[in-house]
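Just below is one structure, and these are the notes that go with it.
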Amino acid sequence: MERADSLPRGIVEYSVNDRPFRAHEGTSVAAAMLDAGVTGFRTSRRGEPRAPFCGMGTCFECRATIDGVPHQRTCRVVVREGMRIETLSTASVERPTAFDAAHERERADVVVVGSGPAGIAAATHAAESGCDVILVDDNDESGGQIWRARSAAAQPTHEPAAKRRWIERCKRAGVRVLTKTTIFDATSANRLIAETSGGTLELSADRIVLATGATEFVVPVAGWTLPRVTSVGGLQALLESGLDLAGKRVLLAGTGPLLLAVAKSVIDAGARVQIEEEVSHGRLLRLAPSLLGHPNKFAQAVRLTAKTRRFTNHGRRLVEIRGSEDTSGSEMIASFVDAAGEPHDHRADWVAIGHGLVPRTRLAQLLGIRLSRDAARSATIEVDEVGRTSDPACFAAGECTGIGGVDVALAEGAVAGLAAAGRLADAARVARRVQRERKFARSLQRVFAVPSHRVLDMDPKTLVCRCEDVERREIEEYGSIRDCKLKSRCGMGPCQGRVCGPIVARLLGDLEDRVRPPLFPVRLDHLLRAGCSHDSPDELSRRDAGDHDTVHER
């Protein structure tokens, strides 16, 4: 093998289970492993190989041991020269010998959680209004998922002009940006606790803005846990972090505008794409009047439709994915039925499924902030006309208040940022733009809404909880999410219900009524250093005597 110093520029060497591989600099570990043909990242409770699904750190399916540190989410780590990777089924773990985590403190007038479009706009407007602002995000760079940073290995590598403008404006405003910082606890809207690469960070503020975004909703089918089956947004995230799809057959199934946007990226990457949209062509035409009132969106829809029309079928529902469950990279067969009940099969190297988005509200729930439901029956953060929540020290903006897209997120971010800075009159003026954009978003929701029977008709043997391998038939007897957690462990794995929670909520017609810290898995020494528990041992014991699910959730 060539010496590292003689490798082509931009190429690094790494190993997986002691097998040597090469990748382009800037590629995520997950994308590099998949490009190398490694798809068994971990082994499930049933002994099945699992691989990345969400591509953005939500599902925890891509965990591996990196340089002796276990349970690293490989989609969030960039491959480096000499990196040693072990899949969890084979890994030998180097355990730390001492608790050396640091605990730091930062203070600001306003803390914004989430640096997608809404968060960036909120932080920028608050800072331009004279506030000292901290913008926090758990990703490596600002932008969120919609403006996700692209790897230098991704094709194409250009970024949206709007993102560049907002990032530059945010910097000029003097916003302090803290990336790789994960909020996992909060005592109030004035005190948040985060994990960083070096330990923990306590953030104090007069006001906070929640811009926590959304996560994908997927209706499970048999085979959705196979390697190389991802969410639609997950495939886009992997592609943007360096996954090579050139020449591959990619099947996109489900419903929603994201299908066409991702299809364009897949085509641009040199793959062969097939789109199976559940919504009929006739139903899609209902969007025409709304689109005509939004020229930019109409032009975008025309461009995407023109590029993908010949690869698209409408009115077909995915029912099963079949394929080899080893790591050989063999093809998969996806089965569909149309409105007339006729079957259709497609062969593919990659399958991506998605049925829209659901707001991320867990931090709001931890803070005791009032929630409401949107048109799709998903929980959203309830806000007034200036983005103020039920806690007067807390504001919210963007997808966590209801799915609306980038234009809504930017407008709501501006409103929340101005309001958090005390400029309520200016916030109210900007809020008028939000109403117009929200109206269009509601039209989209109505057209692409997933009918209740799509979830209720799920096969009883279909896995719902990927972390704990819980089937639909194991949870349908329960009347609440809390009861389901206690008795089946559904939602109690590493992802803490972020993937299966919205599915179970629709199956049971229930919303999760309790969120307990930590919000994300945290290193024990970091947890101890932060001292984040709000309860004394005596108080916890008394409550657990009559509330047994607390033991499991902690």
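How much accessible area per residue does segment 251-336 have, in Å², with a 1.4 Å probe?
Result: 49 Å² per residue.
Extending each Cα 7 Å along its Cβ direction at Arg164 and Ala393, get the distance between those two points in nm, one decimal.
According to this spin-label approximation, the distance is 4.1 nm.
Report, in deg cm²/dmol and to the nearest 500, the calculated mean residue ellipticity at 222 nm for the chain, where each DSSP H run with n ≥ 4 adds -39500 (n - 2.57) and the sum is divided by the residue count.
After summing the helix terms and dividing by residue count, I get -8500 deg cm²/dmol.
Cα convex hull of segment 369-526: how many Å³ per residue?
131
Considering only DSSP beta bridges where both residues belong to segment 207-350, give the percentage that are antiparallel (nearest 5).
That works out to approximately 55 percent antiparallel.
Name the helices (complete DSSP H segments) of the chain with a Cα length along the long axis of 18 Å or more and a Kyte-Doolittle mean of at least -0.5, or state none.
295-308, 406-420
Among 353-366, 279-292, 305-318, what's the highest-first ranking by average C-beta atoms within 10 angstrom per residue?
Top of the packing list down: 353-366, 305-318, 279-292.
Per residue, how many Å² of accessible area does segment 413-484 show with a 1.4 Å probe?
Per-residue value: 47 Å².
Could you order the peptides 392-398, 18-24, 338-344 from most to least packed, using the average number of other C-beta atoms within 10 Å per residue?
392-398, 18-24, 338-344
Within 15 Å, Cβ to Cβ, of Ser129, how many net charges do the neighbouring residues add up to if Lys/Arg are +1 and Asp/Glu are -1?
In short, 0.
Sort 492-501, 401-410, 194-203, 39-48 by packing, meaning the average of other beta carbons within 10 Å per residue, with the highest value first.
Final packing ranking: 401-410, 492-501, 194-203, 39-48.
Just add up the charged neighbours of Cys75: K/R +1, D/E -1, any other residue whose Cβ is under 10 Å from the Cβ of Cys75.
It works out to a net charge of +2.
Any idea how far apart Ala36 and Ser280 come out in nm if each label point goes 7 Å out from Cα toward Cβ?
Result for the modelled spin labels: 5.0 nm.
Are there trypsin sites (Lys or Arg not before Pro) in segment 155-235 that DSSP marks as loop and that have at most 16 other Cβ atoms within 10 Å, and which are they?
Lys180
At 7 Å along the Cα-to-beta-carbon direction for both Glu48 and Ser15, put a label point, then send me their distance in nm to one decimal.
3.2
Can you give the FRET efficiency for Arg473 and Gln435, using 1/(1 + (r/R0)^6), R0 = 41 Å, r = Cβ-Cβ distance, to the nearest 0.05?
0.40
Enumerate the lysines that Lys297 could reach by cross-link, defined here as Cα to Cα under 27 Å, with residues fewer than 8 away along the same chain left out.
Within the straight-line limit of under 27 Å, Lys297 reaches these lysines: Lys163, Lys264, Lys307, Lys439.
May I ask you to give the percent of accessible area on the chain that is carbon plus sulfur, with a probe radius of 1.4 Å?
That share works out to 49 percent.
Stretch Asp268-Ser480 to full length: gain in nm at 0.36 nm per residue minus the Cα-Cα span?
Computed gain between Asp268 and Ser480 is 71.9 nm.
The values are calculated or read from the model by the stated rules, or taken from the named source; none is laboratory data. These numbers were taken from a predicted model, which means no experiment stands behind them. Using ideal geometry, Cβ is built from the backbone for each residue, glycine included, and neighbour counts are taken over all protein chains shown. Heavy atoms of the whole protein, side chains included, go into the accessibility calculation; ligands, DNA and RNA do not. Shrake-Rupley method; radii C 1.70, N 1.55, O 1.52, S 1.80 Å.
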